[in-house]
1. In the list 32, 91, which residue meets the criterion of being under 26 Å from residue 194 (Cα atoms) and at pLDDT 95 or above?
2. Does any residue of region 103-124 turn out to be within 16 Å of the ligand (Cβ to nearest atom) and not in a loop (DSSP other than H, G, I, E, B)?
3. Within the bounds of region 215-228, is there any residue that is surrounded by fewer than 23 Cβ atoms within 10 Å (Cβ to Cβ) and part of a loop (DSSP other than H, G, I, E, B)?
4. When the residues of region 185-206 are filtered to those that are among the aliphatic types (A, V, I, L, M) and part of a loop (DSSP other than H, G, I, E, B), which remaining residue is nearest to residue 296 (Cα to Cα)?
5. Here are 292, 257: which of them is of a type in the set (A, V, I, L, M) and over 14 Å from residue 200 (Cα atoms)?
6. Taking region 63-96 as the search range and keeping residues that are assigned to a helix (DSSP H, G or I) and among the hydrophobic types (A, V, I, L, M, F, W, C), which one is nearest to residue 127 (Cα to Cα)?
7. Name the single residue, out of those in region 169-184 being assigned to a loop (DSSP other than H, G, I, E, B) and touching a Leu at 6+ places or on another chain (Cβ under 8 Å), that is nearest to the ligand (Cβ to nearest atom).
8. Kindly establish whether residue 248 is among the small types (Gly, Ala, Ser), assigned by TED's automatic domain parsing to the domain that holds residue 156, touching a residue at least 40 places away in the same chain (Cβ under 8 Å) and within 30 Å of residue 307 (Cα to Cα).
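The values are calculated or read from the model by the stated rules, or taken from the named source; none is laboratory data. All values derive from a computational prediction rather than experimental measurement. When we count neighbours, we look across all protein chains shown, and the Cβ atoms used for this are built from the backbone with ideal geometry, even at glycine.
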Amino acid sequence: MKDRSRWLPIAQARAPFWAGVDLGGTNIKVGLVDDDGRTVAFHTEKTLVDRGPEDVCRRMGESVRTVAELAGVALSDIPRAGLGTPGPQDLKAGFIIRAGNFPGFDGFNVRDRVSHHAGLPVTFANDATAAGFGEHWIGAAAHLESLVLLTLGTGVGGSIVIGEATIDGANSHASECGHILVDPAPTARMCPCGKRGHLEAYASAKSLVAMARERIDAGTAAGLTQAVAGGAELTPELVWAQAKTGDAASLELIDTVARWLGIGITTLLHTLDPAIVLLGGAMTFGGEPDPVGHAFLERIRAEVRERAFPLLVERTPIRFATLGGDAGYVGAAGMARAEHLRLHPSDA
Ligand SMILES: [Zn+2]
């Protein structure tokens, strides 16, 4: 939340405060929220991953102190911070493991190093999971018992929250909804994880661009071909812009993504019976107010209607998430709060 006018004035805030850190490949976002999850200060800076893990962790820890200063809150009024990072991770140990975008981080204890530099205990979380917890705390799933969030970005992130619990798994690999199997055919699309037929191979920004490229190469996407020839970069935004003008190939591509998402969501409904399913991330085609975003959501719902138990179709809303780019740090802060209350029930 870069816009300072949207920060809650400290006089209206409710102590204690919780810090949330969202580590991305490009940016670090750090927010301080009050006990109701309202942002009182925010700071962002470039990740600069090539400076190495210790430098990145030092700057994340210092940023926690920065947001405390910006808000005029003493560190002693912040019981705990939350840190969300991309996976895969070993959440119990505090590591990111084998993450392509974070060379040199393998086996480095990011949780303990951020804790050291911030001077606070740190709750370590998967970034997608944290985003879901944010929606659960103050977003589109507030006051609901459970949720599944699919974050549609470069990849497809997943978050499952039930009660106050995030579903992390025995090996920190649960809630990987982007890697549920939707197509077992030998010819299924290859997922960036190296296995075929996973949802992410059909429903991520990367896969949309790959499918668009295939149509351009096959000569079945005149509008996109012309736009790319004119110097436009082939991105989900370009497909969205073309779809807005009624370009048939672009509309079909977005329809395909929606159909596969509906298939994946059907499995999640039958496995978890969540109170709500949310779609977040950068690739939501403008969301509900945009005709393309609206049609995208309706197409997902239609596919689920075809395939899921009627009672679940009737009772489970499928909607867009509401916190946008704030979900990660808000959720990490919320998870820190939840862990603090678990460890110190008398503070509840
Ligand atoms: Zn996969």
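1. Details: 32 fails: under 26 Å from residue 194 (Cα atoms).
Residue meeting the stated conditions: 91.
2. There is no residue in region 103-124 that is within 16 Å of the ligand (Cβ to nearest atom) and not in a loop (DSSP other than H, G, I, E, B).
3. Looking through region 215-228, at least one residue is surrounded by fewer than 23 Cβ atoms within 10 Å (Cβ to Cβ) and part of a loop (DSSP other than H, G, I, E, B).
4. 199
5. Every option except 292 fails the conditions.
6. As a first pass, look at region 63-96 and keep what is assigned to a helix (DSSP H, G or I): 63-71, 75-77.
Within this subset, residues satisfying the condition of being among the hydrophobic types (A, V, I, L, M, F, W, C) are 64, 67-68, 70-71, 75.
On the way: 64: 17, 67: 20, 68: 22, 70: 24, 71: 24, 75: 24 Å.
That would be 64.
7. Residue satisfying both the conditions and the ranking: 180.
8. So residue 248 does not fit the description; no.
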